[in-house]
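The values are calculated or read from the model by the stated rules, or taken from the named source; none is laboratory data. The structure presented is a predicted model; accordingly, all values stated were derived computationally and were not measured. Here the Cβ positions follow ideal geometry from the backbone for every residue, glycine too, while neighbour counts run over all protein chains shown. Heads up: the accessible areas ignore ligands, DNA and RNA and are worked out on the full protein's heavy atoms, side chains in. Shrake-Rupley method; radii C 1.70, N 1.55, O 1.52, S 1.80 Å.
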Amino acid sequence: MRRPLWYPLAALMAGILIGDRIALPPAVLLAGIPPVLALLLLSVRRRWNAAGLILLLLLMLTAGMLNIQRQPFLALQDRHILRLADQGKMTLEGVVLSSEQALPEKNTLIVRCRRVLQNHAPAPVTGKIRVAIPPELSFQYGDFIRFHTKIKKIQGFHNPGGFDYERSQNRSGLYVSGFVSDRSGIVLIRPDAASGIRLKLECFRLYLKRLMEAHAPSPQREILQAMTIGNQKAIPQDVRDHFAQTGTSHILSISGLHVGIVAASAFFLLLLAFKSSEYCMLKFNIIKAATAAAMVPVLIYALVAGMGTPVLRATLMTLAFLAAMLIGRPKDLYNILAGAALIILIASPEALYEISFQLSFSAVFAILYTVDKLGKRQVPLPSSTPRWISAGIGRLYLFFLVSAAAALGTLPIIAFYFNRVSAVTLIANLVAVPLLGILALIPAMIFILTSVFSEALAGFFISIASFFTGIAVRIIEELALLPWSSFSFVKPNAVEIALFYALMYFLIAALSPESPKDLQKVSSRRPFWIKTGLLICTALILADAAFLVLKDRYSSHLNITAIDVGQGSSTLVQMPGGMNMLIDGGGFHDSSFDMGRAVIAPFLYAKRIRKVDIAVLTHPHPDHLQGLIYILNNFDVREVWHTGLTADDDLYRLWEKTIVERGVKVRNLSAKSPSEVVSGVNFQFLWPLRPPSPGVPDLSYEETNDSSLVMKITYGTRRFLVTGDISASIEAFLTASGKDLQSDVLFVPHHGSFTSSSPDFIRAVSCRYAVISAGKNNVFRHPHPAVLERYRSAGAAVFRTDRDGAVAIDSDGQSLRATPWIKKPKPDRMKRRAPNISLPTTG
């Protein structure tokens, strides 16, 4: 059987995928393993090869299902820390597993819990907790600490196409988080409470980090830390963006490139050393001896780098290749790749869902397949060309082939997760790989070795590495600033990704050396299915692209989605004819978390949206404004609607600067503004009464809320009321004004706070759906129970983004349908209505 490891790998991956979605009792899975194993041994003994293969695949399938359910099973145990969530503040003790600065305003610790102190008595507790601490506090691996915090379940944002942060953290064993506001809430009981090699390695890694901080400026030191000790999160966001835009992000994380260079450098240096010894040349096979000895620096580098999934994958691949050279079978690289993936997924099944795992293996597989099929092609050159020039051009062709294979092999995955594709990836890699992968990495490796005995010498080598890193950063920045360096991409679905890979397969098959170079003159002897497959895939991709362009243009429906942005507000309005409006952008007070980048943009890309015709800011508070700035910078925004109210803070000044730089048209709106009709949808402006007067002093927080833009949206016979954060006083004014407030859907004022949604206002609106945008377990306790009761008493169906996720409203102008993203939300204290509700086509 050729490449036998791919069959159990496929079964293991299938088991992980199934087990992640379907939770079977572990006892049932465990009970099925012994009989399957017994039958497998019997099949091997009797040489029933077909039956043995089926049983092996079944065993791997079961192992995958069981392994991925390990963390959920542990979380159900009585002593797990998840049992203490949402029960107020508690004092915990545990050992620090990792420490990193995730955001500028906080450090993050991962702590393995040991004890919880209740009523001054310790009780054992298991599981891990993620603890946010002030940035001036620092702890390291192995520290035994005591801290006082409120334990909360880890939560994400629930939107179509969004990254499921909660599920991702749960897979790695993290179910709860905590927050310590100052140093009085956390204390070091004793350092170095952990034992063994890991503690010594972590101390050495910290020593290397401090040396790099002392001898290299930013951002060079952060990049070198990423390439040597695997600390990527310290890299500044703008540098990350530049590398992402140029398709060179892979260099910032330890991968097969880095480990391969370490192995190759060690191999050739050892080979030269052995060649200098006559005794070694006579006594040993020096090639195999150098190959075996090269494994040692590879292992040392992997240990220093932290043995994360990318490092482990690259190390296993490199060690497997070196082992294959030792036994004389270096060509079966596909099997080596499958073996490395098999080991990683058995040890860490959640790695299957990690972006680094998917990118690494897709890139390596694409390189192996493409080089195998097209690497033998000869670049046509005149016969008089000198041999050294021919050899150089051949190596250059191979470099471009490898770069193109890696770029195309990972393109659908990059588009799926990052929604951006680089147009300069080949040029950028041609520059970055030699500078960072060789000229900077080799001195960095010498730095690690010399740091053991001489800080001065180690500082010299890290300075050399920093010099070449700085050159690379400047070149990458210049390439990233080119207007055409990258372009945004809507989120592809599974069928589109499969079509792309099928097209690449048929294209490579048609271009392989057995076929003519010109695809228009493919020989009739070429298998018919290759030509047919190429044409079918091309036709389907073109048809899909045409469908994406035309489907919104000819749509006659109005779709309004309340996006789950936590304790904030953001609403997408998709109008007939493909016009899009985004009302507010969510955000957090005093936080660098970018709601636009992390939540709203992925949602828009998943909805196949690349342009936002109108961005609306109801009022300039961070929980409505922050996310809009990223949208303005990364989407085609034509107009901004707002009341003209300003704010004296850095966030609003950045908003104004972004509008000017992007050349976006701005319109100030109030109740004096005439109604606007956009794509058959009418927008009536009800509040504020008039634009703010110039020179008016800063308004208070409540006054700014009460200056929110209030709009009534009408499409056909259906009406929608958007209210911002107005309070009951403004509601009373609108009610008394005599304006028609009656609406089918009300986007509830001020996140359902007690100071809004007065009974008179609710009666005047007489809505059938009340949509509340609020964060789960928020500190303001929105929505207020009394407000919920008012809406239910009025007969309104209440939807909440904190429990229902994104809430989508669809209408053709007559009928109306509301659909929450979370299909089975937890019920409120009072009985809820059905999650899917359709209204009749009349009044």
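Count, please, the residues in the stretch 266-308 that happen to be at pLDDT 80 or above and closer than 20 Å to ALA226 by Cα.
So the count comes out to 9.
Inside the stretch 422-434, can you point out the residues that are in contact with a helix residue (DSSP H, G or I) (Cβ under 6 Å, 6 or more places away or on another chain) and surrounded by fewer than 21 Cβ atoms within 10 Å (Cβ to Cβ)?
VAL424, LEU426, VAL431
So which residues in the stretch 12-37 are closer than 24 Å to ALA351 by Cβ and open to solvent by 60 Å² or more (accessible area, probe 1.4 Å)? I'd like the intermediate steps shown before the answer.
The first filter runs over the stretch 12-37 and keeps only residues closer than 24 Å to ALA351 by Cβ, leaving 12-24, 26, 29-30, 33.
Answer for the stretch 12-37, where residues must be closer than 24 Å to ALA351 by Cβ and open to solvent by 60 Å² or more (accessible area, probe 1.4 Å): MET13, LEU17, ILE18, ARG21, ILE22, ALA23, LEU24, LEU30.
Do the conditions hold for LEU788, that is, is it of a type in the set (A, V, I, L, M, F, W, C), at negative phi, under 37 Å from the mean Cα position of the chain (by Cα) and outside any loop (DSSP other than H, G, I, E, B)?
Yes; evaluated as a whole, the condition is true for this residue.
Just checking, which of SER693, SER708, SER743, SER729 is assigned to a loop (DSSP other than H, G, I, E, B), open to solvent by 20 Å² or more (accessible area, probe 1.4 Å) and among the hydroxyl-bearing types (Ser, Thr, Tyr)? Can you show your working first?
Details: SER708 fails: open to solvent by 20 Å² or more (accessible area, probe 1.4 Å); SER743 fails: open to solvent by 20 Å² or more (accessible area, probe 1.4 Å); SER729 fails: assigned to a loop (DSSP other than H, G, I, E, B).
Answer to the check: SER693.
How about the stretch 614-681: which strands (runs of 3 or more DSSP E) wholly inside it have at least 2 residues that are under 26 Å from ARG420 (Cα atoms) and in contact (Cβ under 8 Å) with a residue 12 or more places away in the chain?
Values: elements: 636-642, 665-668, 676-678.
Passing ranges, in order: 636-642.
Give me the pairs, please: first residue somewhere in the stretch 348-377 and without any contact (Cβ under 8 Å) to a residue 40 or more places away in the chain, second residue anywhere and surrounded by fewer than 20 Cβ atoms within 10 Å (Cβ to Cβ) and not in a helix (DSSP H, G or I), beta-carbon distance under 9 Å, and either six or more positions apart or on two chains.
SER348/SER172; SER348/GLU354
Quick one: would you say TYR353 is surrounded by fewer than 18 Cβ atoms within 10 Å (Cβ to Cβ), under 20 Å from the mean Cα position of the chain (by Cα) and at negative phi?
Yes, satisfied.
So SER255 clears everything in (1) open to solvent by 30 Å² or more (accessible area, probe 1.4 Å); (2) under 30 Å from ASN634 (Cβ atoms); (3) at pLDDT below 85 except one condition, right? Which one?
Condition not satisfied by SER255: (1).
(1) open to solvent by 40 Å² or more (accessible area, probe 1.4 Å); (2) in contact (Cβ under 8 Å) with a residue 60 or more places away in the chain: which one isn't true of GLY775, the others all being true?
Checking GLY775 against (1) open to solvent by 40 Å² or more (accessible area, probe 1.4 Å); (2) in contact (Cβ under 8 Å) with a residue 60 or more places away in the chain, the one that fails is (1).
Restricting to the stretch 593-612, and then to whatever is free of Cβ contacts under 8 Å to residues at least 40 places away in the same chain and either open to solvent by less than 10 Å² (accessible area, probe 1.4 Å) or acidic (Asp, Glu) (or both), can you tell me which residue is nearest to GLY566 (Cα to Cα)?
Step one: list which residues in the stretch 593-612 are free of Cβ contacts under 8 Å to residues at least 40 places away in the same chain, which gives 594-597, 600, 604, 611-612.
Those left that are additionally either open to solvent by less than 10 Å² (accessible area, probe 1.4 Å) or acidic (Asp, Glu) (or both): 594-596, 600, 604, 612.
Working: ASP594: 12, MET595: 9, GLY596: 12, ILE600: 11, LEU604: 17, VAL612: 22 Å.
Filtering first and then ranking leaves MET595.
Can you confirm whether the stretch 268-276 contains a residue that is of a type outside the set (A, V, I, L, M, F, W, C), surrounded by 14 or more Cβ atoms within 10 Å (Cβ to Cβ) and part of a helix (DSSP H, G or I)? Reasoning before the result, please.
From the stretch 268-276, those of a type outside the set (A, V, I, L, M, F, W, C) are 275-276; that's our starting set.
Cutting the leftovers down to surrounded by 14 or more Cβ atoms within 10 Å (Cβ to Cβ) gives us none.
Checked the stretch 268-276: no residue is of a type outside the set (A, V, I, L, M, F, W, C), surrounded by 14 or more Cβ atoms within 10 Å (Cβ to Cβ) and part of a helix (DSSP H, G or I).
Here is a check on your reading of the model: is PHE683 modelled with pLDDT of 95 or more, open to solvent by less than 10 Å² (accessible area, probe 1.4 Å), out of contact with any helix residue (DSSP H, G or I) (no Cβ under 7 Å at 6 or more places or on another chain) and under 16 Å from ILE583 (Cβ atoms)?
Against the criterion (modelled with pLDDT of 95 or more, open to solvent by less than 10 Å² (accessible area, probe 1.4 Å), out of contact with any helix residue (DSSP H, G or I) (no Cβ under 7 Å at 6 or more places or on another chain) and under 16 Å from ILE583 (Cβ atoms)), PHE683 qualifies.
Is there a residue in the stretch 158-177 that is farther than 23 Å from PRO72 by Cα, in contact (Cβ under 8 Å) with a residue 12 or more places away in the chain and hydroxyl-bearing (Ser, Thr, Tyr)?
No, the conditions are met nowhere in the stretch 158-177.
Residues are listed down the side, and each one gets a yes or a no for (1) closer than 30 Å to ILE464 by Cβ; (2) at pLDDT 90 or above:
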| site | (1), (2) |
| --- | --- |
| ILE129 | no, yes |
| GLY142 | no, no |
| HIS158 | no, yes |
| GLY162 | no, no |
| SER177 | no, yes |
| SER181 | no, no |
| SER195 | no, no |
| MET212 | yes, yes |
| GLU222 | yes, yes |
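Just to be sure I understand the filter: pairs with C-beta atoms under 6 Å, separated by 6 or more residues or on different chains, first member in the stretch 227-250 and within 20 Å of ALA302 (Cα to Cα) and touching a residue at least 24 places away in the same chain (Cβ under 8 Å), second member open to solvent by 50 Å² or more (accessible area, probe 1.4 Å) and of a type outside the set (S, T, N, Q). Which pairs pass?
Between residues of the stretch 227-250 that are within 20 Å of ALA302 (Cα to Cα) and touching a residue at least 24 places away in the same chain (Cβ under 8 Å) and residues that are open to solvent by 50 Å² or more (accessible area, probe 1.4 Å) and of a type outside the set (S, T, N, Q), the close pairs are LYS233/GLU100.
Please list, ordered by residue number, the strands (runs of 3 or more DSSP E) wholly in the stretch 70-173 having 2 or more residues that are under 27 Å from the mean Cα position of the chain (by Cα).
Per the criteria, 89-103, 106-118, 128-133.
Suppose we keep only residues that are farther than 25 Å from ILE344 by Cα and at pLDDT 90 or above within the stretch 38-84. Which one would you say is most open to solvent (accessible area, probe 1.4 Å)?
ARG79
May I ask you to verify whether PHE489 is closer than 18 Å to HIS215 by Cβ and crowded, with 17+ Cβ neighbours inside 10 Å? Step through it out loud before you land on a result.
On the way: closer than 18 Å to HIS215 by Cβ: no; crowded, with 17+ Cβ neighbours inside 10 Å: yes.
For PHE489, the condition - closer than 18 Å to HIS215 by Cβ and crowded, with 17+ Cβ neighbours inside 10 Å - is not met.
For the stretch 400-410, does any single residue satisfy the condition of being exposed (fewer than 15 other Cβ atoms within 10 Å of the Cβ) and within 25 Å of ILE251 (Cβ to Cβ)?
Quick first cut of the stretch 400-410, residues exposed (fewer than 15 other Cβ atoms within 10 Å of the Cβ) only: 400.
Still in the running and within 25 Å of ILE251 (Cβ to Cβ): 400.
Checked the stretch 400-410: at least one residue is exposed (fewer than 15 other Cβ atoms within 10 Å of the Cβ) and within 25 Å of ILE251 (Cβ to Cβ).
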